[in-house]
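Here the structure is laid out as structure tokens; the discussion comes afterwards.
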Amino acid sequence: MKILVRAVLLFFAFTVGMGILPAQKSGKTKSKDPAGTRRLASVDGTAITETQARMEGAKDLDSLELQVLKAKAVTARKEHEILEDALERLIEDKLLQTEAKKQGISKDELLTREVQRKITEPTAEEIDSFYKNNKQRIRGSKEEVAPQISKYLKKEQESELKSALMKRIEKEHKVVRLLQPFRYDVGGAGRPSLGPASAPVTLVLFSDFQCPYCKNFGETVKEVVKNYPNRVRLVFRQFPLTNIHAQAQRAAEASLCADAQGRFWEMHDQLFQNQSNLKDEDLKNRADKLGLDVAAFNACLNSARYSKQVDEDIRAGTAAGVEGTPALFVNGRFLYGSRPYEEIVALIDEELKMEK
């Protein structure tokens, strides 16, 4: 028995010494550091806390946060696109199988008869026309690339023939698509806007006052709002690309200082009219020309009162996949880049139909 007890004691001592079992805590208990004051290092006994480290790395941490937001936005959109593509393939397959069965043939035989056999060899004139229209993007002489052009034109024919076939078949069957378009929650409460808050369609525009494309696109979007009275509302959010537009941040803040006096859209137009002169002195001169309370405007701009709101807009845009400007959301549906008027209104009309 004594031998057994001694063996147990020796084993216990061995395991504690080797770290296999936890050693007994001493009577003192170490209190946890308050939030943010966790000590990461010390120099001659002076602590360096996590808060200090985060302040030192604030710029890089902000950049990392934006990268994470962007990645999440892209992943969410890509996932939805994959589901949409997969759904369309399944619908197509079911329609083709149904049509083939009705005709008493296989799906492959149906596609061969309705698509493959109808493809014709491109003529020399068609190849020549394609080459002339795309010459700047083509490397090589017409003779060298003629086979590739012919192959491309045949693929175009195949795509058009199959598309026509699918439209015809779908008209004969009841196809209900329940998957909704992908939407981002871009918000916009408290931001400058045009049109009634009750409008069924909300456009949220992320823009940069130093961006040359944003100027013309902004006019296009305002024209859309004008032509859809009571049905469309436009919300303006800031997205200054400070890495390429050094004065865009201050211009954004200036527009919000003007908004505080109820004159956002007038300042908006002034800033876009001359994008070359956006230094602080230029911004203050424009406030004077607009008849604003210059003292109040200057105090607002000097204090960078709206810098935080601009940062919030940048984060909101990044979280919705915005990487450049202009960027427009139609009821949360993303349209990147300077899109034509017709494309914007087509999406608006689609949204209005959904409201009925």
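So is residue 97 modelled with pLDDT of 95 or more and more than 35 Å from the chain's Cα centre (by Cα) or not?
Numbers: modelled with pLDDT of 95 or more: yes; more than 35 Å from the chain's Cα centre (by Cα): yes.
Considered against the rule, which asks whether it is modelled with pLDDT of 95 or more and more than 35 Å from the chain's Cα centre (by Cα), residue 97 comes out as yes.
Contact map, the stretch 55-72: first residue farther than 17 Å from residue 184 by Cα, second residue not hydrophobic (A, V, I, L, M, F, W, C), Cβ cut-off under 8 Å, separation 6 or more or different chains; pairs are 61/54; 65/315.
Looking at 184, 152, 228, 213, just one residue is outside the structural domain of residue 279 (by TED's automatic domain parsing) and within 26 Å of residue 340 (Cα to Cα), and that residue is 184. When you look at residue 159, is it closer than 30 Å to residue 74 by Cα, without any contact (Cβ under 8 Å) to a residue 24 or more places away in the chain and among the hydroxyl-bearing types (Ser, Thr, Tyr), yes or no? Against the criterion (closer than 30 Å to residue 74 by Cα, without any contact (Cβ under 8 Å) to a residue 24 or more places away in the chain and among the hydroxyl-bearing types (Ser, Thr, Tyr)), residue 159 qualifies. Residues of the stretch 253-277 that are in contact with a Leu (Cβ under 9 Å, 6 or more places away or on another chain) and surrounded by 21 or more Cβ atoms within 10 Å (Cβ to Cβ): 253, 254, 255, 257, 258, 267, 270, 271. Pairs are defined by a Cβ separation below 7 Å, a sequence spacing of at least 6 or placement on different chains, a first member in the stretch 170-186 that is closer than 18 Å to residue 75 by Cβ, and a second member that is aromatic (Phe, Trp, Tyr) and not in a loop (DSSP other than H, G, I, E, B); the pairs so defined are 184/329; 184/334; 186/329. Beta carbons closer than 7 Å, at least 6 apart along the sequence or on distinct chains, pair a first residue in the stretch 108-134 that is in the same structural domain as residue 94 (by TED's automatic domain parsing) with a second that is acidic (Asp, Glu) and surrounded by 12 or more Cβ atoms within 10 Å (Cβ to Cβ) for 110/99; 115/158; 119/158.
Quick check on residue 122: is it of a type outside the set (S, T, N, Q) and surrounded by fewer than 11 Cβ atoms within 10 Å (Cβ to Cβ)? Answer is no for this residue. The condition of being hydrophobic (A, V, I, L, M, F, W, C) and touching a Phe, Trp or Tyr at 6+ places or on another chain (Cβ under 7 Å) holds for only one of 301, 278, that being 278. Taken across the stretch 206-219, residues that are of a type outside the set (Ser, Thr, Tyr), assigned to a strand (DSSP E or B) and buried (at least 20 other Cβ atoms within 10 Å of the Cβ) do occur, with at least one present.
A quick yes/no check of all residues on (1) under 16 Å from residue 180 (Cα atoms); (2) touching a residue at least 24 places away in the same chain (Cβ under 8 Å):
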| position | (1), (2) |
| --- | --- |
| 308 | no, no |
| 312 | no, no |
| 326 | no, yes |
| 333 | yes, yes |
| 337 | no, yes |
| 340 | no, yes |
| 344 | no, yes |
| 349 | yes, no |
| 356 | yes, no |
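The values are calculated or read from the model by the stated rules, or taken from the named source; none is laboratory data. Because the structure is a prediction, the values reported are computed rather than measured. Methodologically, a virtual Cβ is constructed for each residue, glycine included, from the backbone with ideal geometry; neighbour enumeration extends over all protein chains shown.
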